[in-house]
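Engineer: Here it is: the structure, laid out below.
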Amino acid sequence: MSAVEAGTAPLPPAILLMGPTASGKTMAALELARRFPVDLISVDSAQVFREMDIGTAKPDAATLAQFPHRLIDLISPEAAYSAARFRADALAAMAEVAARGRVPLLVGGTMLYFKALLEGLADLPAADPATRTAIDREAAARGWPALHGELAAVDPITAARLPATDSQRIQRALEVHRLTGRPLSLLLTAGRQTPPPYRFLALGLLPSQRGVLHQRIAERFDHMLAAGLEGEVESLRGKYRLHADLPAMRCVGYRQVWAVQDGRAPRRELRDRGIYATRQLAKRQITWITNSLHPQIIDCLAPALANEVKELVDRHLG
């Protein structure tokens, strides 16, 4: 029995397009926007910051004028943005798009945001400065790999998905455990909610050859440097009250440039450090896609990528 026969309206369609950095998500999304009645919604924790354009690979002004993206340029680099706020903003944007008879197309690489949208968020404790300070002191004395080992003992599920150098997420997971006595992974599972009322098509762009993606990442970071990434960071530091621990300045690329400008890293290593950090980010994104989000996988290196994506969307909307 169809939804109409059962007396209920069918769910409106929505499309999720996710992939690691340099996988071609933006180009694929623009191709879809040229052919289908879709409105673009960004799923990117770095592109929410205003005036951070080069290092976030934000679409240029001409592209945004032709294909507006919701949830870009929302806040100052001095501010913070959360997965909870993203979920609220994304659901509001999706409702607005659907009410106009168009289809929300959510595109980006912040996998936690996709997960938050689909599953909801747990009721986690707020950040506790005293606990964080204590963890930072332990890390300074013992190193983050040692704290990663501590996390593995109390929350092996979370530890398994984090590299031993991911200080920000290791700190948060340990903080949650110390404040609640419960593992972050358990709290996240308990916080799952009913999925939003849409008929989702989830597509994941993954590379069949990791080495080709790495080459794309290197070319992309070289382009950012040539486009003036260092000058962008210098300008932001002159305009805003920033420090190295702000979420905006912890973004890949910005963090490495900041370290050079502060004299904590030699400039000759900037390119290698930036490329390495971006490759590590891509690795985490791929792990999220394959282990947590489970979209329909498409080879982002395939010559017929655009046509394959169009065919899948055509069937979904047909």
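Engineer: How about segment 127-203: which helices (runs of 4 or more DSSP H) wholly inside it have at least 3 residues that are in contact with a Gly (Cβ under 7 Å, 6 or more places away or on another chain) and not small (G, A, S)?
Structural biologist: none
Engineer: List the pairs whose first member sits in segment 44-60 and is under 15 Å from T21 (Cβ atoms), whose second member is aromatic (F, W, Y) and surrounded by fewer than 22 Cβ atoms within 10 Å (Cβ to Cβ), and whose Cβ atoms are under 7 Å apart, counting only residues at least 6 apart or on separate chains?
Structural biologist: S45/Y81
Engineer: So which of A146, A152, A227 ends up being out of contact with any Ser or Thr (no Cβ under 8 Å at 6 or more places or on another chain) and either aromatic (F, W, Y) or in the same structural domain as T21 (by TED's automatic domain parsing) (or both)?
Structural biologist: A227
Engineer: Here is a follow-up. Scan (1) in contact with a Lys or Arg (Cβ under 7 Å, 6 or more places away or on another chain); (2) in contact (Cβ under 8 Å) with a residue 60 or more places away in the chain; (3) not aromatic (F, W, Y) for the single condition L281 breaks and write down its number.
Structural biologist: (1)
Engineer: Another question, if that's okay. If A62 passes every condition in (1) buried (at least 16 other Cβ atoms within 10 Å of the Cβ); (2) within 26 Å of D222 (Cα to Cα) but one, which one does it miss?
Structural biologist: It is condition (1) that A62 fails.
Engineer: Spot the failing condition for A116; the list is (1) in a helix (DSSP H, G or I); (2) at pLDDT 95 or above; (3) crowded, with 16+ Cβ neighbours inside 10 Å; (4) not basic (K, R), and only one is missed.
Structural biologist: Among (1) in a helix (DSSP H, G or I); (2) at pLDDT 95 or above; (3) crowded, with 16+ Cβ neighbours inside 10 Å; (4) not basic (K, R), A116 violates only (2).
Engineer: Looking only at segment 226-263, how many residues end up being basic (K, R), part of a helix (DSSP H, G or I) and surrounded by fewer than 16 Cβ atoms within 10 Å (Cβ to Cβ)?
Structural biologist: Number of matching residues: 2.
Engineer: Consider segment 264-318. How many of its residues are in a helix (DSSP H, G or I), of a type outside the set (F, W, Y) and under 18 Å from the mean Cα position of the chain (by Cα)?
Structural biologist: Result for segment 264-318: 18.
Engineer: If you don't mind, another one. Kindly indicate whether A93 is under 26 Å from G318 (Cβ atoms), surrounded by 15 or more Cβ atoms within 10 Å (Cβ to Cβ) and either among the charged types (D, E, K, R) or assigned by TED's automatic domain parsing to the domain that holds R220 (or both).
Structural biologist: So A93 fits the description; yes.
Engineer: Here is a further query. Would you pick out the residues in segment 97-109 that are touching an Asp or Glu at 6+ places or on another chain (Cβ under 6 Å), more than 16 Å from L203 (Cβ to Cβ) and not in a helix (DSSP H, G or I)?
Structural biologist: R102
The values are calculated or read from the model by the stated rules, or taken from the named source; none is laboratory data. A quick note: this is a predicted structure, and the numbers were derived from the prediction, not measured. Cβ coordinates were reconstructed from backbone atoms using ideal geometry, including for glycine residues, and neighbour counts include every protein chain displayed.
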